[in-house]
Amino acid sequence: MQDRVKNITIVGGGSAGWMAAAALATYLGKNASIRLVESEEIGIVGVGEASVPHIKLFNGQWLGIDEADFVRRTQGTIKLGIEFKDWSRIGDSYIHGFGAIGRSLGPLPFHQFWLKLHGQGRAAPIGAYSAQTVMAPLGKFAPADRNAAPNSPLADIAYAYHFDATLYARFLRELAEGRGVKRIEGKIVKVSQRASDGFIESVTLENGQTVDGELFIDCSGFRGLLIEDTLKTGYIDWTEWLPCDRAMAVPSERLQTITPYTRSTARAAGWQWRIPLQHRTGNGYVYSSRHTSDDEAAATLLANLDGKALAEPRKLAFTTGMRRKFWNKNVVALGLASGFLEPLESTSIYLAQSGITRLLSLFPTRDFNPLLIERYNRESVFEYERIRDFLVLHYHATERGDTPFWDHCRTMAIPDTLRETIDLFRADGRYFRNGEDFFALPSWVQVMLGQGIVPQGYHPIVDEMPEDKLVEHVEGVRRMLAHAAATMPTHEEWIDRYWKAPAP
């Protein structure tokens, strides 16, 4: 047997720590010693309540979690996408839905055929051609239709979840401990390094207990106890492109009708989220402290709730960006310890899960091959930078100049990689996926169109399709989706029938 790493210590709990613990215990077996150190005194951030469809893969296929059990235990609801209100202009609204747009033909994606007809005023808005963006505003939900044709928009209805992040961490802890993970309660007061190479050797707790390890997973939050406080890895600040640096979060009473989508509403100095759960609603205002005060932000948030607040607003301060290295020596940073991208597209939990699966793929032997570490860091940087560009797109592609914040976002310089993507799309609707970019063509197309970037033309091959066939293809998708959504149960009917959570 290879001389693989067998002694792993995770520093910090929360969703990131317990996701890592559950996955490592599942795939490294009983030959590994996995310990998680956390302190009840410190607590967790616990406001990440929305996800992307990748969580179904991580929970179901990777960890073997039963979907219904997960939803019930976390007071979960369905998320088909995100509704963006007032982002391009005040009064505008669109939904960025998960999954495909229409049906592609040969090498061309559906939106190219749609562009020709829409330019002639003969097609509905793009949201009428995606299952999720038809279902969401109607409050409908049903999983994929197993009898649908393979290329039908109904053959694979992508969706994610809203859930209580604290309950998710508790659920994962129970699973991880059942698979052999040992939890150690205590606050870390000392970190010891090996004199020869600076690798972390052990951490010492307030009660004097020493916990050693060969590999350390840093899930200690923004502080980055190991990756930053100890190893001085460094941080790349992206505030020049993503100027929000604060958030106010507050729970409120549950919605009377639970919507199967997240809502993001642009405000004077940032944006407000609304995430409906079975037992309550999660709310927050992400804002720039240079453009509004904390008191003003709290007042704005409380004035725009859909129900009675259940607590006082809680402030979070952050710097958008990433660590210069995600894996440094024998420390891998996950969750907030690795970096922070605001929750505009609900990528925080995904990035932690992606880091975990990447670590398992590149899992080291005790010599810690530097090529594995370099590959891990290179892929992590690529992923963060591409998600960064997608988030910047939302802010920059706006016609708003009604407040100093939006005027800054509209006129600011943007990364060259994003400028090229926008220019290509604006010319004739082309989008080229960059490697394994997390957000694929449907996401970029929906947001660019929703934010007012309308292509001046379309792909030249579209003109080769006879006019009647073009209309039949585009209109056929719209009719099929409208009919399918009309026959689906409502989101709440589905929850009540299959996934109703017990009263908290």
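The values are calculated or read from the model by the stated rules, or taken from the named source; none is laboratory data. Because the structure is a prediction, the values reported are computed rather than measured. With ideal geometry, Cβ positions are generated from the backbone for all residues, glycine too; neighbour counts draw on all protein chains shown.
Being of a type outside the set (D, E, K, R), in contact with a Leu (Cβ under 7 Å, 6 or more places away or on another chain) and on the phi > 0 side of the Ramachandran plot is the requirement here; does Gly186 meet it? Against the criterion (of a type outside the set (D, E, K, R), in contact with a Leu (Cβ under 7 Å, 6 or more places away or on another chain) and on the phi > 0 side of the Ramachandran plot), Gly186 qualifies. Look through region 173-188, keep the residues that are part of a helix (DSSP H, G or I) and among the hydrophobic types (A, V, I, L, M, F, W, C), and return whichever of them is surrounded by the most Cβ atoms within 10 Å (Cβ to Cβ). My answer is Ala176. Taking (1) in contact with a strand residue (DSSP E or B) (Cβ under 9 Å, 6 or more places away or on another chain); (2) at pLDDT below 95 in turn, His473 satisfies each apart from (2). Of all the residues in region 452-475, those that are under 16 Å from Gly106 (Cα atoms) and either part of a loop (DSSP other than H, G, I, E, B) or in contact with a Pro (Cβ under 7 Å, 6 or more places away or on another chain) (or both) number 4.
Would you confirm whether or not region 26-39 contains a residue that is within 18 Å of the chain's Cα centre (by Cα), closer than 30 Å to Lys315 by Cβ and at pLDDT 95 or above? Within region 26-39, none of the residues are within 18 Å of the chain's Cα centre (by Cα), closer than 30 Å to Lys315 by Cβ and at pLDDT 95 or above.
Within region 158-172, can you find the residues that are assigned to a loop (DSSP other than H, G, I, E, B) and crowded, with 22+ Cβ neighbours inside 10 Å? Spell out how you get there, then give the answer.
Filtering region 158-172 down to residues assigned to a loop (DSSP other than H, G, I, E, B) leaves 158-159, 163-164.
Result: Tyr159, Phe163, Asp164.
Screening region 10-39 for residues that are polar (S, T, N, Q) and touching a residue at least 40 places away in the same chain (Cβ under 8 Å) and picking the one that is surrounded by the most Cβ atoms within 10 Å (Cβ to Cβ) gives Ser15.
Remark: Gly452 falls outside the filter, which requires a residue to be farther than 21 Å from Phe84 by Cβ, out of contact with any strand residue (DSSP E or B) (no Cβ under 8 Å at 6 or more places or on another chain) and in contact (Cβ under 8 Å) with a residue 12 or more places away in the chain. Only one of the numbered conditions (1) under 16 Å from the mean Cα position of the chain (by Cα); (2) surrounded by fewer than 23 Cβ atoms within 10 Å (Cβ to Cβ); (3) not hydroxyl-bearing (Ser, Thr, Tyr) is not met by Leu351, and that is (2). Which one of the conditions (1) over 23 Å from the mean Cα position of the chain (by Cα); (2) within 30 Å of Asp229 (Cβ to Cβ); (3) polar (S, T, N, Q) does Thr292 fail to meet, given that it meets all the rest? In the conditions (1) over 23 Å from the mean Cα position of the chain (by Cα); (2) within 30 Å of Asp229 (Cβ to Cβ); (3) polar (S, T, N, Q), Thr292 misses (2) alone. Please pick out the residue among Phe110, Phe141 that is touching a His at 6+ places or on another chain (Cβ under 7 Å), assigned by TED's automatic domain parsing to the domain that holds Tyr458 and not β-branched (Val, Ile, Thr). It is Phe141. Looking at region 89-98, is at least one residue among the acidic types (Asp, Glu) and at pLDDT below 95? So far as region 89-98 goes, no, none of its residues is among the acidic types (Asp, Glu) and at pLDDT below 95. Restricting to region 132-166, what's the tally of residues that are of a type outside the set (D, E, K, R) and either over 24 Å from the mean Cα position of the chain (by Cα) or modelled with pLDDT of 95 or more (or both)? Going through region 132-166 one residue at a time, the tally reaches 20. Selection within region 311-346: residues that are out of contact with any Gly (no Cβ under 8 Å at 6 or more places or on another chain) and of a type in the set (D, E, K, R). The member of this set that is surrounded by the fewest Cβ atoms within 10 Å (Cβ to Cβ) is Glu312. The single condition among (1) more than 29 Å from Phe439 (Cβ to Cβ); (2) assigned by TED's automatic domain parsing to the domain that holds Gly213; (3) not small (Gly, Ala, Ser) that Arg72 does not meet is (2).
Taking the criterion of being in contact (Cβ under 8 Å) with a residue 12 or more places away in the chain, in a loop (DSSP other than H, G, I, E, B) and of a type outside the set (Val, Ile, Thr), the residues of region 266-300 that qualify are Ala268, Ala269, Leu277, Gln278, His279, Ser288, Ser289, Arg290, His291. Suppose the filter is buried (at least 22 other Cβ atoms within 10 Å of the Cβ) and not hydrophobic (A, V, I, L, M, F, W, C); does Gly119 pass it? No. Scanning region 402-448 for residues that are among the hydroxyl-bearing types (Ser, Thr, Tyr) and part of a loop (DSSP other than H, G, I, E, B), we see that the one that is surrounded by the most Cβ atoms within 10 Å (Cβ to Cβ) is Tyr431. With respect to the numbered conditions (1) under 30 Å from Leu359 (Cα atoms); (2) at pLDDT below 95, which one is the sole condition not fulfilled by Leu105? Evaluating Leu105 over (1) under 30 Å from Leu359 (Cα atoms); (2) at pLDDT below 95 leaves (1) as the failure.
Within region 486-503, being without any contact (Cβ under 8 Å) to a residue 40 or more places away in the chain and either in contact with an Asp or Glu (Cβ under 7 Å, 6 or more places away or on another chain) or of a type in the set (Val, Ile, Thr) (or both) holds for one residue alone: Thr487. Evaluation of Ala149 against the conditions (1) surrounded by fewer than 18 Cβ atoms within 10 Å (Cβ to Cβ); (2) closer than 21 Å to Pro276 by Cβ; (3) of a type outside the set (D, E, K, R) shows that the sole unmet condition is (2).
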